[in-house]
Amino acid sequence: MYAIIYIIGIFLRYAIIVSMRFSKTFVKTLREAPKDETAKNGALLTRAGYIHKEMAGVYDYLPLGLRVLENIKTIIREELNKIGCEEVLMSSLQNPEPWEKTGRFSDQEVDIWFKTELSSGGTLGLAPTHEEPITELLKSYISSYRDLPLYVYQFQTKFRNELRAKSGILRGREFLMKDLYSFHTSEEDLNRFYAEVEKAYGRIFERLGIGDLTFETFASGGIFSKYSHEFQTLLPVGEDTVYYNADKSVVLNKEVLNPEVLTDLGVSREDLEENTAAEVGNIFKLKFKYSEPLGLKYIDEKNAQKTVYMGCYGIGVSRLMGVIAERFADNKGLVWPESVAPFKYYLVGIGENGNRVAEEFYAEHKTETFFDDRDSRPGEKFADADLIGLPYRLVISDKTLAENSAELTNRQTGESKLIKLSEI
RNA sequence: CAGGGUAUAGCGCAGUUGGUAGCGCGCGACAUUCGGGAUGUCGAGGCCGCGGGUUCAAGUCCCGCUACCCUGACCA
């Protein structure tokens, strides 16, 4: 009995959360973008009611925007869980201690800290990334080789006091990031997992609809490895410059475009084409960089103390939303890939009969439908449908009802066709 | 951080030689409309970014500050 009530409760809650009709949401679309929103992604996402700017580089995510973020998170989460990762949520407020051990609490070393004071005295930081705290955290849980390997990730708001926030949600001072950290007993195992993450990232970007635009890119590797890998999505307004050969089997960041690297990669400068791109992911073999200074050790089979090998793997979740918005938009508005779109259908009823049948349709398909039930003229609804950019627009009117059908329009191609109501 | 620009209604803008603020969109009511951002009538909405100053009088002139945008530098 209680179980049934519980299940019904979940179902109702689900229906309440996911349904959305235009007349009931507080969100409005804008004909013109605010003048301080000049980047295409920021302008369109604002006009279409996905985001709202609080200040430079700081945004609110409104109901539609939140759904996009959640869809991106779900895809990442599914692919990471598949390779054995565990999700956590760590704190944003940071105790300076572990950061002081690695030298990274210094403003000279890391110049993007937001720092604040405790009222009882003492300084705190707002996490720009989480290597130190995760390493510190796992000291409490890793003691034996039997505890390893371990892969821990989170979706976290990061704070970075960028000198200049810009480009809509592509470079913010507060942004959503997925950060994964791996822990190993050997370099071979780190390499093995690193390769698994490379593949998982490929699947993630594929599912996000930017697979053929996103390339694993050689970038500078810091002190402990020759290279790191970035995942760069080709984008005219991207901040990075990449070079690639004809079949794009070799892609490298401008920062490592030098004779030595070219030789290493077996390509020559003449064969490389230049393009701009946005960095959507970065993977790094940290090895002992953090585990050594912070003392993250384990006992091996022979009872010897060993230092843990680490890797870290980031994906800019909110930046991805901006990249996808920016990349696929046309002159009418946003064009979401189906996998990240907040809803699949933009439903419009025209005329008394059209609206009545649209209501009926909506009752059956709430979870995937955004219902424009406003008392507005068709033209306005079509304009907003284009702006909001859901994959399909579904129009029900006397005209389509005469055929017992609804008109289905593909936002991307603009193609329309009538489909029988019974077949939807 | 350097250089350039902007700040007036929810959004976009106008505001002359200083005289107490206007337009379009949006919003409310009514009527007529209803397949690509309708039309008409009436209406609500403003500490003119903040703080000083000059003046009988400042959105407008002067000084200072702040925020925001662009280019660059910076950027796990």
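Every number here is computed from the coordinates shown, using simple stated rules; none is lab data. As the structure is a prediction and not an experimental result, all values here were calculated from the model. Cβ placement follows ideal geometry from the backbone for every residue including glycine, while neighbour counts extend to all protein chains displayed.
Structural remarks
- Of the residues A:Gly42, A:Gly333, A:Gly349, the one that moves most in a GNM of chain A with alpha-carbon contacts below 10 Å is A:Gly349.
- Cβ-based net charge around A:Tyr61, under 12 Å, with every Lys or Arg adding one and every Asp or Glu removing one: -1
- Remark: relative contact order (region A:280-342) = 32 percent; criterion is Cα-Cα distance under 8 angstrom and separation of 6 or more residues.
- This ranking places A:Trp336, A:Trp99 by how few other beta-carbon atoms lie within 10 Å of each, fewest first, which gives A:Trp99, A:Trp336.
- Charge tally in the Cβ shell below 15 Å around A:Lys306, where Lys, Arg are +1 and Asp, Glu are -1, A:Lys306 excluded: -2
- Sorted on the mean count of surrounding Cβ atoms within 10 Å across their residues, most packed first, peptides A:170-180, A:21-31 read A:170-180, A:21-31.
- Of A:Tyr346, A:Tyr298, A:Tyr50, the residue with the greatest mean-square motion in the GNM of chain A, using alpha carbon springs below 10 Å, is A:Tyr298.
- Of the GluC sites (Glu not before Pro) in region A:180-268, those whose Cβ has at most 15 other Cβ within 10 Å and which sit in DSSP loop: A:Glu239
- Remark: relative contact order (region A:268-414) = 20 percent; criterion is Cα-Cα distance under 8 angstrom and separation of 6 or more residues.
- Helix A:187-207 axis, angle to chain A major axis (alpha carbon atoms, nearest 10°): 10
- Debye log10 I(q)/I(0) at q = 0.08 Å⁻¹ for chain A, Cα point scatterers: -0.54
- Structural descriptor for region A:40-328: relative contact order 21 percent, calculated from alpha carbon pairs under 8 angstrom and at least 6 residues apart.
- Global geometry of region A:345-423, whether rounded, prolate or oblate, following the gyration tensor of its Cα atoms and the 1.5 cut on a/c: rounded
- Helix-only CD estimate at 222 nm, as mean residue ellipticity for chain A, using -39500 (n - 2.57) per DSSP H run (n ≥ 4): -9500 deg cm²/dmol
- Mean projection area, nm², convex hull over Cα of region A:155-244: 7.5
- Order by protection proxy (mean Cβ within 10 Å, highest first), peptides A:299-307, A:380-388: A:380-388, A:299-307
- Charge dipole (debye, nearest 20) of chain A; +1 at Cβ of Lys and Arg, -1 at Cβ of Asp and Glu: 820
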